[in-house]
Structures are given as C-alpha cells and as structure tokens.
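Since the structure comes first, as structure tokens, the remarks are kept for the end.
The values are calculated or read from the model by the stated rules, or taken from the named source; none is laboratory data. What you are looking at is a predicted structure, and each value in this text was computed from that prediction instead of being measured. Neighbour counts run over all protein chains shown; Cβ positions are idealised from the backbone, glycine included. Quick note on the areas: whole protein, heavy atoms, side chains included, nothing else; ligands and nucleic acids left out. Shrake-Rupley method; radii C 1.70, N 1.55, O 1.52, S 1.80 Å.
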Amino acid sequence: MKKILGILLFIGIALNANAQLLWKISGKGQEKPSYILGTHHLVPLSIKDSIAGLPQAIDGTTQVYGEVVMSEAMSPEFIQTMQQNMMIAGDTTLQALFTPEQYEVVSKVVKENMMADIAMLAKLKPTAITQQLTVILCMKHLGGFNPQEQLDTYFQQQAIQNGKKVGGLETLQSQINVLFNSQTLQRQANLLYCLVSDIDKAMDQTKRLNEAYKAQKLDDMLKLMEERDGNSCDPLPGEMEALLDNRNKAWIEKMPAIMKDAPTLFVVGAGHLPGNNGVLNLLKQAGYSVEPMK
C-alpha cells in the first residue's frame, strides 16, 4: 500500500467503486427513501455543487447522520479526553520508538513543518504527530484545502440551521480508540516514519487521490487504495478491518432503525462505501435497493 494510505484513512479517504458519491436507499417498507453521501476531507466545500442529486437528497430528508456528531467534538470534556489519549503512558518516550537515524529524520521534518523541537513532543503518541503533520503538509501542497471547512461538518451545521435532527453512527470515544489506541506505539512510530521518509511521494499520491475524487473517477481511487509497496508501510492483518470493515458492519446494524424513524441523509467518509464489506453492498445484502443518484 502506498505510504500515505494508512495515514489518510482516518480522515476519510473518499472513494466509490462505481464513480458516484451519492446513493439512494429504498425498499423494505420505507415510505420515503434515505440517502448516503461519501465525503473526502481534503477537497474544498465547493465540490458539493457538482454532486448529482444532492439538492433532492437534502430536501427529501428530515435528519442527517454522520460518523459522529461533529458539534460534540468541541466540548471541553471531549477535548480533555482527546488530549489524554494523545499522550504516551508510562516511562516510554517518543525517541525510544525510533532508531537514532530514524529519529533524526523525524526530528528534521517536525522542525521544518511544525516549527517545533521534537524534544517538546516527547510524550506525544506518534499517531498524534502524524495527524498534525499530515494536515500541515496538505495545507502546503493541496490547493483549496482548508481544515476548518469540512463536508461532514457543513452538512450537520446546515441540518441544525434548518431544524433537522443530527445524529452519529458511532461515538467520539470509539473514533478516539480507532485513531490512538488500536495500534501499538511501535506501529504508530513506523507509520510516522513512512510519511516523513518520503513526503514528496506521499503528497503526489494524495494529489492524485484528490483529482480522482474531484473528477468522480472513483474506480481509480479504489485502485490506489489496493496498491501495496511490499514493505512495513503496508497494512498489517486486521488493520483495514478495524478502520473500515468492522465499523461498516456496526453501522449497518443501526441504519435500518434510523431510516425507519425518518428519511435520512447519511454523510460518511466514502472509503466506507465500496467493496464486499462496504456499506453499499451490506445494505443490498440486508434487502435494500441501493442506486446512484443521477
């Protein structure tokens, strides 16, 4: 797998095997259809204007469900919990997770991009550094990327303004666990080194993913996801399941009751949509009709 892949998955790589972002979900006794939209966090909000059928989906639904309720992420309680989970417990330090040569490379990249001495980050988990560094690199290399403007947040904010219910398919704590606690510290360190050891390659791959998403050539994005480098930067057994498959299956258990309650617009990272264990196929297996909006 390309080096950037494991880094980008948690912030919602958007892809769809059928080159379509928005899908209608009908059948199983629903009076009105629901919809599911795949998002990508690294593109401008203006992408929404080119999504076929989106006004119809917005007007035809009375609630919006995301992966989580984004407004809850701003609460002091959540921020405190996030900060606690970002820190290395015990006596282990960041430096102990790298060889001297690796630590020097990481230190240089952190200094150049985060404007910080790595010694100041000695108790920060590698994944936390990876996330912050990825955002900074994307701001430098991707035109139009603004981390303060996200599709997921936008649709939830619009729903609230229009008096619609907003809900989440999972809790913020569950996402924290996936991001910070599902991998060993050593594995986190390895993935951080994967990024810093070849930033140009990582950003080139990210740009190609972005362009494929903007053009809605999502088959191309799926192919990029399935590429492997044949080294330690490739996903380990169980990692993809934890990031995607297991969560998809948990969402599918919740979605029928949500849709039965009211027609719903689901807005999730589109990496969850395609494949045998993707949400679209799981919905079909559950007896729903799932078709792309045109």
Karplus-derived 3J(HN,Hα), 6.51/-1.76/1.60, for each residue of the stretch 140-148, Hz, glycine and proline x:
6, 10, 10, x, x, 6, 9, x, 7
Neighbourhood net charge (13 Å Cβ-Cβ; Lys/Arg +1, Asp/Glu -1) for residue 89:
+1
For the stretch 59-101, alpha-carbon Rg over 2.2 N^0.38 Å
2.01
Can you tell which of 29, 153, 118 lies farthest toward the positive end of the dipole of the chain, using +1 and -1 charges on the Cβ of basic and acidic side chains (Lys, Arg; Asp, Glu)?
29
With the dipole of the chain worked out from charges on the C-beta (+1 for Lys and Arg, -1 for Asp and Glu) around the Cα centre, which of 76, 97, 181 lies farthest toward the positive end?
76
³J(HN,Hα), Karplus 6.51/-1.76/1.60, whole Hz, each residue of the stretch 159-171, x for Gly, Pro:
4, 4, 5, 9, x, 8, 6, 10, x, x, 7, 8, 8
Counting only protein heavy atoms, what percent of the accessible surface of the chain is carbon or sulfur at a 1.4 Å probe?
52 percent
Radius ratio Rg over Rh of the stretch 45-178, counting only Cα atoms, Kirkwood formula for Rh
1.07
Computed from every Cα-Cα pair in the chain, P(r) in 10 Å bins starting at 0 and rounded to whole percents is 6, 28, 35, 22, 8, 2, 0
Residues whose built amide H sits under 5 Å from the amide H of residue 35, excluding neighbours closer than 5 in sequence, are 25, 264, 265, 266
With -39,500 (n - 2.57) per DSSP H segment of 4 or more residues and division by the full residue count of the chain, the 222 nm estimate, nearest 500 deg cm²/dmol, is -13000 deg cm²/dmol
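For the stretch 37-114, take the alpha-carbon Rg, divide it by the Kirkwood Rh, and send me Rg/Rh. Intermediate results must be reported in sequence, preceding the final value.
Working: Rg = 20.6 Å, Rh = 17.5 Å.
Reported Rg/Rh, Kirkwood definition of Rh: 1.17.
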Rounded, prolate or oblate: which one fits the stretch 77-156, using the alpha carbon gyration tensor with axes a ≥ b ≥ c (rounded when a/c is under 1.5, else prolate when a/b beats b/c, else oblate)?
oblate
Can you list residues whose amide H is under 5 Å from residue 124's amide H, if they're 5+ apart or on another chain and H is modeled 1.01 Å from N?
88, 94
If we sort 231-238, 33-40, 163-170 on the protection proxy, mean other Cβ atoms within 10 Å, highest first, what's the order?
33-40, 163-170, 231-238
Give me the dipole magnitude in Debye, nearest 20, for the chain about the Cα centre, with unit charges on the beta carbon: positive for Lys and Arg, negative for Asp and Glu.
560 debye
Taking θ = phi - 60°, what integer Hz values does the Karplus form 6.51 cos²θ - 1.76 cosθ + 1.60 yield along the stretch 260-276, in sequence order, with x for Gly and Pro?
5, 5, 6, x, 10, 9, 8, 10, 9, x, 6, x, 7, 7, x, x, 4
Surface per residue (accessible, 1.4 Å probe) for the stretch 24-171, Å²
51 Å²
Over all directions, average the projected area of the Cα convex hull of the stretch 160-294 and note it in nm².
10.6 nm²
For all pairs of alpha-carbon atoms in the stretch 109-213, what percent lies in each bin of width 5 Å, listed from the first bin to the last filled one?
2, 10, 16, 18, 18, 17, 11, 6, 3, 0
